[in-house]
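Chemist: One structure follows; several queries about it will come next.
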2 protein chains.
Amino acid sequence: MNHKITQFEKRIHEAIDQVLRQEEPHTLFDPVRYILSMGGKRVRPLLTLMAADLFDKDPEVAIGPALAVEIFHNFSLLHDDLMDHADVRRGMPTVHCKWNANSAILSGDAMMIESYRYIAKVPAPLLPEVLEIFSRMAMDICKGQQYDMDFEQRLDVTEAEYIEMIRLKTAVLLGSALKIGALLADASPVDAALLYDYGIHIGLAFQLKDDLLDVYGDPKTFGKKIGGDILANKKTFLLIQALRNADGAQRSALEHWLSAKDYDPEEKIRFVKNLYDQLNLRVVAENLIEKYYLASLDLLSSVRVADERKKDLLYLSESLMCREK
Amino acid sequence: MNHKITQFEKRIHEAIDQVLRQEEPHTLFDPVRYILSMGGKRVRPLLTLMAADLFDKDPEVAIGPALAVEIFHNFSLLHDDLMDHADVRRGMPTVHCKWNANSAILSGDAMMIESYRYIAKVPAPLLPEVLEIFSRMAMDICKGQQYDMDFEQRLDVTEAEYIEMIRLKTAVLLGSALKIGALLADASPVDAALLYDYGIHIGLAFQLKDDLLDVYGDPKTFGKKIGGDILANKKTFLLIQALRNADGAQRSALEHWLSAKDYDPEEKIRFVKNLYDQLNLRVVAENLIEKYYLASLDLLSSVRVADERKKDLLYLSESLMCREK
């Protein structure tokens, strides 16, 4: 356990609890309070507070945008789960399952607006820049989700296209969370940009780890169904590599499973996982994760604050790499 | 024709044409360009430019927020049409029909973000206030849509609840469009507030007129299917009044139609329209429209600029009251 991180988590938890607490109509805001109370790792708002703390500023200055980032993240999960027809999130029914599709759409919209209301709380002189970063991030995340959906129709997605997709869909949010925290702590533009890039690399490693956990995770700790990406034909790093590296027989068997309509889900998961093992893709993915992780450390080391101040961020990023959920 | 309004419409048309013009991926932005190019009356951005012009300021200062307001409006139409299962908008297929539900969700999200990017273009000293007005407006519109959907399940909606719903869903957007334009032209807080209230009253009259057009409009000019609200059991002003004023026999016949599952749509529309006629509801609605319209004139007359400058706004609001589409 890291004392400072625990303390920040507590602060975030308290603040999240207050979001739209009494707001009416309850039909609009119950789903918002539901998804926000599901928990999750709160990594993104933590990064915002820790970036402010890195520059020796009271992280309380960054609590507004930290919440904005977390609310936006949960908005995107809400709409993505609806678009992906995902029934379970963090071990609980998703909003469109517990309520209905219209609730998921409209309560999600309300969350995006609420995230902007929290961004609006930053000091006026910083507002134009922070708003610009936030909106760019938001649009990048939409683009990433669109590429992710578009890739489902394609068998020829390249590794470069995949990395760009997860940069947009996942990494930009971590980078922006850090950069906004840094700017609120009066960091220099160079340091803020370094932290953004640090977040991008952590984010790429984080998403690749997520792809691995979908296949190799422990169903008890993972929170989502194991093999969900496989059943959805998600073009994960593993599937893209499998399509590229499979020999003739493997490839046609894989394509059979990808186009199969009536099948036993467990059998499909078993086949695909077996193919990944034959192609040694777990190791390939772990090597790439290591590469991005090392690059992130390099970027963090260039930020001009004392090494001593960086240890909490290092602790957090290391724990993200070793996570089992 | 009003020369100044025509000129503003031309400017809005040019500016809308540039929104997200070249942006990729096209799967995300084609639906955005499609709905924005459908046209419509562009009343809301017109109000923003005209409010700036009212205070003798070059309306070009307000073109950014004028677009923000129009993009947000079209975002809300996009998501509302999906939630309401509406197939046709302005005589053309809606986005979820032409593409699919996921496109409507995600391209709508991208539009909301883009609307915030246009709001961010206002001069920095005005940004906090304008952003606050815009986000409050956005949240009010979501609340209005939620009440509208909630009302579909209820037979006991009161007139007051209905007026509050259309205030949120429709009128606040007109009021905010005007207020933002006024603030960009350095209007006093009192004048900006008067214009907001003027917009609220115009908006209430506008929506009541819309309810009337759904029943009594000319299918050739209206753009939507006549009787759409009736078939969707929308709790419009007319239906609420009918439920309140129908005698025993009329009420049970109406309730029969409201709960009917298998029926001829034309027959239902004919029955409901006939009941409205028996109850004289067209006149009741027209009287209420007149009441809000007169109140709006009163509010506009209190704005402290020369009467001469108000004639374009008066021309526009009058044409909104007399419209057939």
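Chemist: Go through the range A:13-27 residue by residue and tally those that are in contact with a Ser or Thr (Cβ under 9 Å, 6 or more places away or on another chain) and away from every other protein chain (no Cβ under 14 Å).
Modeler: Initial filter on the range A:13-27 (in contact with a Ser or Thr (Cβ under 9 Å, 6 or more places away or on another chain)): A:16-17, A:27.
Among the residues that remain, those that are also away from every other protein chain (no Cβ under 14 Å) are: A:16-17.
Matching residues across the range A:13-27 total 2.
Chemist: Kindly indicate which of B:Ala52, B:Ala68, B:Ala62 is surrounded by 24 or more Cβ atoms within 10 Å (Cβ to Cβ), touching a Phe, Trp or Tyr at 6+ places or on another chain (Cβ under 8 Å) and at pLDDT 95 or above. Step through it out loud before you land on a result.
Modeler: Numbers: B:Ala52 fails: touching a Phe, Trp or Tyr at 6+ places or on another chain (Cβ under 8 Å); B:Ala62 fails: touching a Phe, Trp or Tyr at 6+ places or on another chain (Cβ under 8 Å).
The conditions single out B:Ala68.
Chemist: List the number of the failed condition for B:Leu297; all other conditions in (1) surrounded by 15 or more Cβ atoms within 10 Å (Cβ to Cβ); (2) outside any helix (DSSP H, G or I) hold.
Modeler: (2)
Chemist: Keeping to the range A:287-325, report how many residues are without any contact (Cβ under 8 Å) to a residue 24 or more places away in the chain, among the small types (Gly, Ala, Ser) and more than 17 Å from A:Met1 (Cα to Cα).
Modeler: Total meeting the criteria: 2.
Per-residue answers, yes or no, for (1) over 25 Å from B:Asp150 (Cβ atoms); (2) in contact with a Gly (Cβ under 7 Å, 6 or more places away or on another chain); (3) without any contact (Cβ under 8 Å) to a residue 60 or more places away in the chain; (4) not aromatic (Phe, Trp, Tyr):
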position: A:Asp81; (1), (2), (3), (4): no, no, yes, yes
position: A:Arg117; (1), (2), (3), (4): no, no, yes, yes
position: A:Tyr147; (1), (2), (3), (4): yes, no, yes, no
position: A:Thr158; (1), (2), (3), (4): yes, no, no, yes
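Chemist: Enumerate the pairs (first residue in the range A:48-67 and within 20 Å of A:Leu300 (Cα to Cα); second residue anywhere and in a helix (DSSP H, G or I) and aromatic (Phe, Trp, Tyr)) with beta-carbon separation below 7 Å, excluding pairs fewer than 6 apart on the same chain, so at least 6 apart or on different chains.
Modeler: Filtered contacts from the range A:48-67: A:Leu49/A:Phe8; A:Met50/A:Phe8; A:Pro59/A:Phe8.
Chemist: Quickly run through the range B:79-105 and pick out the residues that are closer than 19 Å to B:Glu23 by Cα and within 22 Å of the chain's Cα centre (by Cα).
Modeler: Hits for the range B:79-105 are B:Val95, B:Ala104, B:Ile105.
Chemist: Looking for whichever is at negative phi, in a helix (DSSP H, G or I), at pLDDT 95 or above and facing chain B (nearest Cβ under 8 Å) here; the options are A:Leu131, A:Leu126. Which one fits? Even if it seems obvious, please write down each step before you answer.
Modeler: Values: A:Leu126 fails: facing chain B (nearest Cβ under 8 Å).
Only one candidate qualifies: A:Leu131.
Chemist: Another question, then. Which of the following residues is facing chain A (nearest Cβ under 8 Å) and not hydrophobic (A, V, I, L, M, F, W, C): B:Gln145, B:Gln153?
Modeler: Numbers: B:Gln153 fails: facing chain A (nearest Cβ under 8 Å).
Just a single option satisfies the conditions, and that option is B:Gln145.
Chemist: Of all the helices (runs of 4 or more DSSP H) wholly in the range A:189-273, which have at least 3 residues that are polar (S, T, N, Q)?
Modeler: Details: elements: A:189-216, A:219-222, A:228-231, A:237-245, A:248-259.
Hits in the range A:189-273: A:248-259.
Chemist: Based on what the data block shows, is B:Gln207 at negative phi, among the polar types (S, T, N, Q) and out of contact with any Lys or Arg (no Cβ under 9 Å at 6 or more places or on another chain)? Write out each step before concluding.
Modeler: Details: at negative phi: yes; among the polar types (S, T, N, Q): yes; out of contact with any Lys or Arg (no Cβ under 9 Å at 6 or more places or on another chain): no.
When the stated conditions are applied, B:Gln207 does not pass them.
Chemist: A further question follows. Could you pull out the residue among B:Arg251, B:Arg244, B:Arg282 that is farther than 30 Å from B:Ala182 by Cα, of a type in the set (Lys, Arg), in contact with a Phe, Trp or Tyr (Cβ under 8 Å, 6 or more places away or on another chain) and surrounded by 13 or more Cβ atoms within 10 Å (Cβ to Cβ)?
Modeler: On the way: B:Arg251 fails: in contact with a Phe, Trp or Tyr (Cβ under 8 Å, 6 or more places away or on another chain); B:Arg244 fails: in contact with a Phe, Trp or Tyr (Cβ under 8 Å, 6 or more places away or on another chain).
When all the criteria are applied, what remains is B:Arg282.
Chemist: Would you please list the contacts, defined by Cβ atoms under 7 Å and residues six or more apart or on different chains, that run from a residue in the range A:10-39 that is over 19 Å from B:Gln145 (Cβ atoms) to a residue that is β-branched (Val, Ile, Thr) and in a loop (DSSP other than H, G, I, E, B)?
Modeler: What qualifies is A:Leu36/A:Val19.
Chemist: Which condition number does B:His256 fail, the rest of (1) under 21 Å from B:Met165 (Cβ atoms); (2) at pLDDT 95 or above being met?
Modeler: (1)
Chemist: Out of the range A:254-269, which residues are surrounded by fewer than 11 Cβ atoms within 10 Å (Cβ to Cβ) and either under 12 Å from A:Leu155 (Cβ atoms) or in contact with a strand residue (DSSP E or B) (Cβ under 9 Å, 6 or more places away or on another chain) (or both)? Please lay out each step first, then the result.
Modeler: First pass over the range A:254-269, keeping only residues surrounded by fewer than 11 Cβ atoms within 10 Å (Cβ to Cβ): A:259, A:261-262, A:264, A:266.
Correct list: A:Ser259 only.
Chemist: Continuing with this model, one more query. Among the residues of the range A:12-23, what is the count of those that are outside any loop (DSSP other than H, G, I, E, B) and out of contact with any Leu (no Cβ under 7 Å at 6 or more places or on another chain)?
Modeler: Residues of the range A:12-23 that are outside any loop (DSSP other than H, G, I, E, B), as a first pass: A:12-17.
Of the ones still in play, those that are also out of contact with any Leu (no Cβ under 7 Å at 6 or more places or on another chain) are A:13-14, A:17.
Looking only at that region, the number is 3.
Condition check ((1) out of contact with any Ser or Thr (no Cβ under 7 Å at 6 or more places or on another chain); (2) surrounded by fewer than 24 Cβ atoms within 10 Å (Cβ to Cβ); (3) modelled with pLDDT of 95 or more; (4) not hydroxyl-bearing (Ser, Thr, Tyr)) across all residues:
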| position | (1), (2), (3), (4) |
| --- | --- |
| A:Met139 | yes, yes, yes, yes |
| A:Ala160 | yes, yes, yes, yes |
| A:Ile163 | yes, yes, yes, yes |
| A:Ala177 | no, no, yes, yes |
| A:Lys220 | yes, yes, no, yes |
| A:Lys225 | yes, yes, no, yes |
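Chemist: With modelled with pLDDT under 95 and either closer than 18 Å to A:Met137 by Cβ or of a type in the set (Val, Ile, Thr) (or both) as the only criterion, which of A:Val43, A:Val88, A:Val32 stands out?
Modeler: Working: A:Val43 fails: modelled with pLDDT under 95; A:Val32 fails: modelled with pLDDT under 95.
Within the list A:Val43, A:Val88, A:Val32, the selection yields A:Val88.
Chemist: Can you tell me which of A:Leu275, A:Leu281 is within 30 Å of A:Lys41 (Cβ to Cβ) and at pLDDT 95 or above? If you could, list the steps in order and put the result at the bottom.
Modeler: Working: A:Leu275 fails: within 30 Å of A:Lys41 (Cβ to Cβ).
The unique qualifying residue is A:Leu281.
Chemist: If you don't mind, another one. Going through B:Val305, B:Val284 one at a time, which residue ends up being touching a helix residue (DSSP H, G or I) at 6+ places or on another chain (Cβ under 7 Å) and outside any helix (DSSP H, G or I)? Please lay out each step first, then the result.
Modeler: On the way: B:Val284 fails: outside any helix (DSSP H, G or I).
Answer to the selection: B:Val305.
Chemist: Would you mind stating whether B:Leu288 is surrounded by 14 or more Cβ atoms within 10 Å (Cβ to Cβ), more than 17 Å from B:Thr236 (Cα to Cα) and under 24 Å from the mean Cα position of the chain (by Cα)?
Modeler: Numbers: surrounded by 14 or more Cβ atoms within 10 Å (Cβ to Cβ): yes; more than 17 Å from B:Thr236 (Cα to Cα): no; under 24 Å from the mean Cα position of the chain (by Cα): yes.
Judged against the criteria, B:Leu288 is not a match.
The values are calculated or read from the model by the stated rules, or taken from the named source; none is laboratory data. Quick caveat: nothing in here was measured; it's all calculated off a predicted structure. Virtual Cβ from ideal backbone geometry, glycine too; neighbours counted across all protein chains shown.
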